[in-house]
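Notes to accompany the following structure.
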Amino acid sequence: MLTSKPSRIASSEITPRKNYLNRRAFLEGSALAAAGFVAPVAAAAVLPTGDRAKLKDVSESPLSTGETVNSYEDVTTYNNFYEFGTGKGDPYRNAQDFEPRPWTLEVAGHAERTGTFQLEDFVKPYALEERIYRMRCVEAWSMVIPWVGIPLASIIRELKPTASAKYVRFETLKDPQQMPGQRSRVLNWPYREGLTMAEAMHPLTIFAVGLYGEVLPNQNGAPLRLVVPWKYGFKGIKSIVKIEFVEKMPATTWAMAGPREYGFYANVNPEVDHPRWSQARERRIGGGLFASKQPTLMFNGYADQVASLYEGLNLRRNF
Ligand code: MTE
């Protein structure tokens, strides 16, 4: 990936975890999904607007890691979001005026339920969960982020993909007016990503709508982004406007930009180096300049849950 020096950013406040976690138990569970996209239901996902708006009725997930979370400042000021610049501090600086509402989402391809949805209608039937995930960037650094999201599987089940749907492809908004990075040809816009159907349906895969108990900041992919914790961070496409169920493996942004360096699978794998650097170790952001690097774990530590998805696949060739 192109790298440039992260610039200094003034400290922003840090939210103590105990203040934002809403521990109220979630009652209605999966019955909500059956209600469809339009019916307002109790304890359904509500996405308030506005900077750092609190999310309500967020339940805690047993799938969270117990590792120490990174500070709000780390998570929101050290980012990759090339639509707002290639420097780590650029998204924080340049995405402030981005307007993530109103937001529509197009669903296309091999599914019974396709069309254009308002974001609010799209997420309303689902319960919000906090998922604290270890995230590993392909650039050999990592963070632990308290996401708030919805399992992608619950959404996909409602969309009823047909037997021809073998992959899901995702697209980010293309709007050079609002996204100054898109005025340069640093990547082939819009940013595109994809998952196999099995990956998309895996319980660890979520659509995130928030972090730290609040709506997603623009620089982290407001209002809706993908999070797949056993893959390198670039799979986590931000500010999604389109989901399409397709038969063939879709072309993805980084694999198009550097096919020898970035693959479709992008599973975290300490044994397969990037052609230009080792993937064996990682630097945890926030650990300080002199903190020692830690070993990278196979599938980012999620091997027990996901290794079976790749049985028989040559992970060296299918990187
Ligand atoms: N999505 C879009 N649309 N554009 C991007 O440049 N960068 C990816 C991914 N999603 C990117 C994107 C990369 S390389 C990483 S590491 C993660 O977003 C970073 O997510 P974060 O900034 O929320 O930590």
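The values are calculated or read from the model by the stated rules, or taken from the named source; none is laboratory data. The shown structure was predicted, so the numbers you read here are calculated from the model rather than taken from an experiment. Here the Cβ positions follow ideal geometry from the backbone for every residue, glycine too, while neighbour counts run over all protein chains shown. Heavy atoms of the whole protein, side chains included, go into the accessibility calculation; ligands, DNA and RNA do not. Shrake-Rupley method; radii C 1.70, N 1.55, O 1.52, S 1.80 Å.
Data for the structure
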item	result
Flag if Ala111 is touching a Pro at 6+ places or on another chain (Cβ under 7 Å) and away from the ligand (no atom under 16 Å from the Cβ)	yes
Search result, residues across the range 242-261 that are more than 10 Å from the ligand (Cβ to nearest atom) and closer than 27 Å to Arg113 by Cα	Lys242, Ile243, Glu244, Phe245, Val246, Glu247, Lys248, Met249, Pro250, Ala251, Thr252
Some residue of the range 209-226 being under 15 Å from the mean Cα position of the chain (by Cα), part of a helix (DSSP H, G or I), within 10 Å of the ligand (Cβ to nearest atom) and at negative phi	yes
The range 226-267, residues that are open to solvent by 20 Å² or more (accessible area, probe 1.4 Å) and without any contact (Cβ under 8 Å) to a residue 40 or more places away in the chain	Ala255, Pro259, Arg260, Glu261
Which numbered condition Thr116 misses (of (1) over 30 Å from Pro161 (Cβ atoms); (2) open to solvent by 60 Å² or more (accessible area, probe 1.4 Å); (3) among the polar types (S, T, N, Q))	(1)
In the range 227-239, the residues that are near the ligand (Cβ under 8 Å from one of its atoms) and under 28 Å from Ala53 (Cβ atoms)	Gly233, Phe234, Lys235, Gly236, Ile237, Lys238, Ser239
Selection status of Val272, of a type in the set (Val, Ile, Thr), open to solvent by less than 30 Å² (accessible area, probe 1.4 Å), in a loop (DSSP other than H, G, I, E, B) and at pLDDT 95 or above	yes
Subset of the range 187-208 [buried (at least 24 other Cβ atoms within 10 Å of the Cβ), near the ligand (Cβ under 8 Å from one of its atoms) and not aromatic (Phe, Trp, Tyr)]	Glu193
